[in-house]
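The next block holds one structure in the form of structure tokens; read it before the comments.
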Amino acid sequence: MQIALHNQAELPALAKQILGDQPRIVALTGPLGAGKTTLTQELGKHLGVRERITSPSFGLQHIYPAHHAAYDTLVHVDCYRLENPDRELPALDLAHWLQQPKALIVIEWAERIKNFLSDKKVMWVTLSVVGDQNRRITVR
């Protein structure tokens, strides 16, 4: 599915559509500045996350309590700074979060851990920049 976004005001509808499928893992890909963290913030709003969602680039992972019928936790992961995913990924304990039935795991730069995700059910969301405000979103 492809979606054209013309401005940030259209993000709530996209977030609602993504959450409507009740994914366990949302893998975000796209260049710097495409809106991966902004989309995660919007997903968090729909999940009732009360804290300010920030990019976990340096800490690699932030965990937020959610207040939603389908989710009680938002696990926000950023793989951009992983130097050796095979060695560093276990520290994030994603296996634990995958066992939590009401956890949503959102992974920025998910292509960096494609091997880890290969045997899991993942909603891949690719954000492409097509102008200052315009984005093309591909969901598969």
Between a residue in segment 111-132 that is within 19 Å of residue 21 (Cβ to Cβ) and open to solvent by 70 Å² or more (accessible area, probe 1.4 Å) and any residue that is assigned to a loop (DSSP other than H, G, I, E, B) and of a type in the set (Lys, Arg), which pairs come within a Cβ distance under 9 Å, given they are 6 or more apart or on different chains? 121/24
Quick check on my filter: what residues within segment 1-30 are of a type outside the set (Lys, Arg), in contact with a Leu (Cβ under 8 Å, 6 or more places away or on another chain) and assigned to a loop (DSSP other than H, G, I, E, B)? 23, 30
Based on this model, can you work out whether residue 62 counts as open to solvent by 10 Å² or more (accessible area, probe 1.4 Å), assigned to a strand (DSSP E or B) and free of Cβ contacts under 8 Å to residues at least 60 places away in the same chain? yes
Looking only at segment 65-82, count every residue that is open to solvent by 10 Å² or more (accessible area, probe 1.4 Å) and within 24 Å of residue 112 (Cβ to Cβ) and tell me the total. 3
Residue among 47, 32, 11 that is over 15 Å from residue 105 (Cβ atoms) and open to solvent by less than 50 Å² (accessible area, probe 1.4 Å): 11
Looking only at residues in segment 76-95 that are of a type in the set (Asp, Glu) and assigned to a loop (DSSP other than H, G, I, E, B), which one is nearest to residue 23 (Cα to Cα)? 93
Within the group 54, 38, which residue is part of a loop (DSSP other than H, G, I, E, B), among the β-branched types (Val, Ile, Thr) and either at pLDDT 95 or above or open to solvent by 20 Å² or more (accessible area, probe 1.4 Å) (or both)? 54
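The values are calculated or read from the model by the stated rules, or taken from the named source; none is laboratory data. As the structure is a computational prediction, the values presented were derived from the model and not from experiment. Ideal geometry is used to build each Cβ from the backbone, glycine not excepted, and the neighbour counts take in all protein chains shown. Just the protein is used for accessible areas: all its heavy atoms, side chains included, with ligands, DNA and RNA removed. Shrake-Rupley method; radii C 1.70, N 1.55, O 1.52, S 1.80 Å.
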